[in-house]
Amino acid sequence: MKWWQNTIVYELYPNSFKDSDGDGYGDLKGITSELDHLKSLGVGAIWLTPVYVSPMGDNGYDVADYYSINPRYGTMEDMDELIEEAKKREIRIVMDLVFNHTSNECEWFKESASSRDNDKNDWYIWADPKEDGSVPNNWRGVFGGSVWTYCETRGQYYLHTFGDFQPDVNWENPKVRNALYDIANFWIDKGVGGFRLDAITYIKKPADMSDGPVDAPDNMVSVHSMTANTDGILDFLHEFKDQVQVGKDIFVVGEANGVPASELPLWVGENGVFDMIFEFSHVNVQFSGGEVWYNTKDWKLTELKKCFSDSQKATKDNGWYPVFLENHDQPRSINHFLPADADPVQGAKVLGMLMMTLRGTPFMYEGQEIGMTNIDWDNIKDYDDISSHNQFQMAKLNGLTTKQAMECVKRFSRDNSRTPMQWTDGENAGFTDGTPWLPVNSNYKTVNVASENENSGSVLCFYHQMKTLRDEHEVLKDGNYTELFQNSEKIYAYCRENAKEKIIILLNFTGEAVEVKMDDLGIESQTGFRILLSNCGGERASEVSKQTEKVNLYPYEAMCLQVD
Ligand code: GLC
């Protein structure tokens, strides 16, 4: 196994992790001060969402200068110190490369927009208006509205898959590609351990940029359906691999929305372009069309399980799977995957065990380790996230009342996962001495690192136990995965097996006790089962070891059993 297959990656949202200077925003020195917390979780790599100079229209995903640190977060010296201090703890820093677009305040764009005739004239995607002066086509951006914005100086429109302040760069131009590879290599020289490639499935645009079939009352079509994973994209990415990665001891994970499991072999593994890609079927399980927040459906556990099993199968012999349940674009997993009345502590442990025992590298998201939950803000004005505002408008445009539209925002807003990290039960949860940029979740008195470290029944202590379990049982890292009890709408069960051992994971996704018959699991064991870990306390070990035919799971019980 490579080092990044053998570890845990922690996704860290710098704005919200730890503020060292009292300005209300997290910063690099804050991160450095909390490295021991991450070390205790078994983290071997920290993926930082963008920390470059940026006007922060999309919290850093609008980069103005890829070679400098955003003063909000500190200086390049602070960055070097973070890389160095992390290295001492065998933790590597992973940078987020935003290479589909830049900020409109990036020097490249300023030059490109300044005239039709300049050195960077074709570094972005420019198009003439239609004859009537209107936008070149009917594509809708990910954050709503047209993907085209007019530029007076050029008398042309530029394309932006996301916000109008995030112009897409022109990957067809080899100079642009080389400039991007230079950036990546600069960071490799600094000693980083890898990259996450943002929104990478959008970099290739189709040759035909005409109107697409309208998919909503705004008479537009989503840019995702028109451009994601366009033929020819892999040529660019093979070049990226050759120019940036080959021969270096780093990993690359792509944010690859729009790549079906069937195409995974082209994207990951030996002949692929990346080491891993994030695949989104499981986090989109409740959407019935596109990722439109007002368009949801009731989903069943069997559907969720199938998403994981499909990805596990697709990466069985080829490539590697980054296991994630949360990130900075998703709601908190407890609210996402469990019913509203679920016990948040036991529920968080069920989801934690799922993430820590599927085959692949767990990507833990800031705050997940203490069981942070969604916020519950009623007024759209309180939300910072650009996407929440757009989805709110879209919902209203599609006939929802303000109250209904707010329900969608509360359920899916990206701010749910962006509130400050909860360190203590003190003021501002110990995140800052100043005023936090986003309010602290009101549950910080009980959900916080310091209190949970003192409480052996906490989510955090369970994560520590799971770290030890993974270290002691290699099978949990690379053993084969077989789903068991496939039709159950209550239990997610699977087996991890290698030549040396066999471990069964039983996860009760309901608030009821559930009897699991070993026969139904297709497991034969004369000697019984040894319990390695349960979220229902140490005494479960002796209770369960006496049973050979069935195990009675408590509500939201998560259990690892060794088959003797
Ligand atoms: C990715 C990021 C998201 C950002 C978008 C545009 O999806 O994860 O946070 O808004 O790309 O860069």
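Quick note: the coordinates plus some simple rules give every number you see, no bench work behind them. This structure is a prediction, so every number in the text was calculated from the model and none was measured. FYI the Cβ positions are ideal-geometry reconstructions off the backbone, even for glycines, and counts take in every protein chain you see.
Points to keep in mind about this one:
- The mean sequence distance of close C-alpha pairs (under 8 Å, at least 6 residues apart), as a share of the length of the stretch 1-90, puts its relative contact order at 28 percent.
- Normalised by the number of residues in the stretch 378-428, the mean separation of alpha-carbon contacts (under 8 Å, six or more apart) gives a relative contact order of 38 percent.
- Taking a straight Cα-Cα cut-off under 30 Å and skipping sequence neighbours fewer than 8 places away in the same chain, the lysines within cross-link reach of residue 300 are 313, 316, 349, 396, 403, 410, 467, 477, 490, 502, 517, 550.
- The Cα-based radius of gyration and maximum Cα-Cα distance (Dmax) for the stretch 292-430 are 16.6, 49 Å.
- GluC sites (Glu not before Pro) within the stretch 90-167, DSSP loop, no more than 13 other Cβ atoms inside 10 Å: 90, 131, 152
- Hull shadow area, averaged, the chain [alpha-carbon convex hull, nm²]: 25.2 nm²
- Here the simple spin-label model places points 7 Å from the Cα toward Cβ, and for residue 468 and residue 549 these points are separated by 3.4 nm.
- The stretch 324-376 gives an Rg/Rh value of 0.93, both radii derived from C-alpha positions and Rh following Kirkwood.
- Candidate cross-link partners of residue 241 among the lysines, defined by an alpha-carbon separation under 21 Å and a same-chain spacing of 8 or more, comprise 2, 175, 190, 204, 205.
- Point-to-point label distance, residue 185-residue 80, nm (Cα→Cβ direction, 7 Å offset): 2.1 nm
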